[in-house]
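To start, the structure itself, in structure tokens.
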Amino acid sequence: MSEGSGGATLAAFGASVAQTVARLQQARAVTVGCSDKRAVWSCGKTTLYCYQPLPGVASLPGARPLLICFALVNRPYVLDLQPDRSLVRRLLEAGLPVYLIDWGDADDSDRRVDLEQYIRVHLGGSVRAVLRERGATTLDLLGVCQGGVLSLCYTALFPQTVANLVTLTTPVDFHTPDNLLSKWVRGIDTRLIEASGNVPGELLNTLFLALMPFRLTQEKYVRLLSGSPDQRAVEDFVRMEKWIFDSPPQAAAALAQFVRWFYQENRLLRGTLEIGGQGVRLQDIRQPLLNLYALQDHIVPAAASAVLGAHVGSRDYSECAIATGHIGMYVSRAAREEIPARIVGWLGERGPSAARRGRRASKSAHAAHRADV
């Protein structure tokens, strides 16, 4: 390459970078969350939302309400980031009645809120509020990441209110060999967390980013600056950055318990977990269960999720490994297409109308058997 052509190439690259930087400046005010919702219940900092049906989309006849329980450590709006990257929107397009728990921002008055309160009072209260509003006796529960752990605990303790359970990127075995996060936090003295007060979200962000520092920091910015993205791509990038760095503070008592009971002592898998003096046993979960996890997950390794099927009491257990990473389960092409389709199809096969068909078929078979006899 001649000196002149090299200079022209460098100048073109500089112009491209400058254009991307300008687009980043324009995209700073992008909004996150795209689907209309209304608050229907609250407890402390927790708010339960009901998503409004989409215009022109008929409600699915007989569909149970679907309650989404997200992680405490992140904001749930990543599930409804923008119209073309929204698990919530895909569920609404299928005509499902969708509810979501937003845990809010813990402040100093919440430092003693523990896991029992989050599971029994906040999650349990959300379940009861949904059932009251819909006039239903059971609902379908979708637990995401840490919210999946809370959902497993709740379902084991209160099985009568949950018809079907879906877990998404949910850890069950916290001591798999490839679980770097677990190895890092096993040495933490959780008494210091409780004594120091609530943990800032920025501190947790630093921990998560440190798991894959190059890929999660420098590499993505280099790709962005060198890729000549258009304005829409830049706005997509900024929305994700907003979510990644927008982690809420964590109640000291609940976080200390979660680190100690799950990451350090692996109580859920070992069957030694107790919530409010009541044992939490995975084998007590007998509902139909769909377990979705990512093959390239650096936060919840695939093996940490896949073990669930060997420990639950359900005879109707399905699992699916998706070729993406942890965040990709929420915003990637797989999240836009495969994941909602699997959830909707699986729930549809186990909805009230399907159950009625099954009962009718069973009665017909029984009657035929009696006639043969």
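The values are calculated or read from the model by the stated rules, or taken from the named source; none is laboratory data. Predicted, not measured: the structure shown is a model, and the values here were computed from it. Note that each Cβ is placed from the backbone with ideal geometry, even for glycine, and that neighbours are counted across all protein chains shown. Note: areas computed on protein heavy atoms with side chains; ligands, DNA, RNA excluded. Shrake-Rupley method; radii C 1.70, N 1.55, O 1.52, S 1.80 Å.
Would you say Asn179 is within 20 Å of the chain's Cα centre (by Cα), open to solvent by less than 20 Å² (accessible area, probe 1.4 Å) and modelled with pLDDT under 95? The answer is yes for Asn179. Scanning region 65-74 for residues that are over 12 Å from Cys145 (Cα atoms) and touching a helix residue (DSSP H, G or I) at 6+ places or on another chain (Cβ under 6 Å), we see that the one that is surrounded by the most Cβ atoms within 10 Å (Cβ to Cβ) is Leu67. Within region 135-153, if we keep just the residues that are of a type outside the set (Asp, Glu) and touching a Lys or Arg at 6+ places or on another chain (Cβ under 8 Å), the residue that is farthest from Cys69 (Cα to Cα) turns out to be Ala136.
Among the candidates Arg75, Arg85, Arg120, the residue that is more than 17 Å from the chain's Cα centre (by Cα) and basic (Lys, Arg) is uniquely Arg120. Residues that are open to solvent by less than 30 Å² (accessible area, probe 1.4 Å) and in a loop (DSSP other than H, G, I, E, B) were ranked within region 33-64; the one that is nearest to Met240 (Cα to Cα) is Ser35.
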